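Scroll down for the structure; my scribbles are underneath it.
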């Protein structure tokens, strides 16, 4: 089942994406709320109602009216929170190697994450960025999960049952701002808080069963072999697979929920897949060739991320019409 949030005439709605068409869930079953947040909060019983509608439309047993004029939004437009993990060893090792740092042994001991701005969530379409963001503006190719029920102190062995669905995530990064901030050892802030892109829809776990593979040795939880690619202006710049995640989402959830509640609507990212950002690609290129021509996102660029089973998330990067600069305010 593919769940979408969309807008018609300035109102947000919850729908199903089936064979290229969107159907409003509430109009098919009045018990189903017409927004994603309330839908997730009402839990498994309402999710089952949505499954029945989905099956009925697919089988032809329900003649639902499809939406025609709409704007597709982030599947979860208003997350309860947004965390991002650091699950792909290949990306971490390459990024550290490129800046001549040894691989940090703690990576293999426990998963980590940071909180980002859950009020800066974007879906498909245009992404507006400030001038300072264009100082080494980057994409980050990831997968994210959405939590479907409240929990606390959850062992990894049971954590997958808390996942309502999966979606593509682009953890956009303004690298100049980020690298300046990180010198102060207080995590990413202004380099990250302007846009996190998710979409195009929320895919329930049952749809990914054909792609399930074993987790890496010593790890617990579901793993999936989903090809991940990113194209910029039609050119492939990144390719990997979700099967390369070292830490599973179950293990990341276990850590997130230790001594803290997780809630329906919480978004948790995987971290960047190997080769999944210009920072890594540029660093590797320069390591091998001092004359390598680095690349960053520019005004007007089209970024298209595709993940097997999860669809294509497309965004056009736009520059805001202002000269206001944080970098110019430095003492």
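Bear in mind these aren't lab numbers, they're just calculated from the coordinates by the rules spelled out. Since we're looking at a predicted model, the values are computed, not measured. A quick note on method: Cβ atoms are made from the backbone with ideal geometry, for glycine too, and the neighbour counts reach across all protein chains shown.
A few notes on this one:
- As computed over the stretch 45-152, the Cα convex hull volume per residue (Å³): 190
- Stokes-Einstein diffusion for the stretch 166-299, with the hydrodynamic radius set to the Kirkwood value over Cα pairs and evaluated at 10 °C in a medium of 1.306 mPa s, equals 92 µm²/s.
- Two-decimal Rg/Rh across the chain, once Rg and the Kirkwood Rh are taken from alpha-carbon atoms: 0.97
- By the beta-carbon count within 10 Å of each Cβ, the least crowded to most crowded order of 30, 63, fewest first, is 63, 30.
- Cβ-based exposure ranking for 247, 296, in which fewest neighbours within 10 Å come first: 296, 247
- C-alpha long axis of helix 44-59 to longest principal axis of the chain, angle in °: 80
- Inter-centroid distance (Cα atoms) of the stretch 173-250 relative to the stretch 1-75, Å: 26
- Rounded, prolate or oblate (a/c below 1.5 giving rounded, otherwise prolate when a/b exceeds b/c) for the stretch 2-72 by Cα gyration tensor: oblate
- The C-alpha atoms of the stretch 114-231 occupy a region whose extents along the principal axes are 43, 32, 28 Å, arranged from largest to smallest.
- Convex hull volume of the C-alpha atoms in the stretch 230-299, normalised per residue: 154 Å³.
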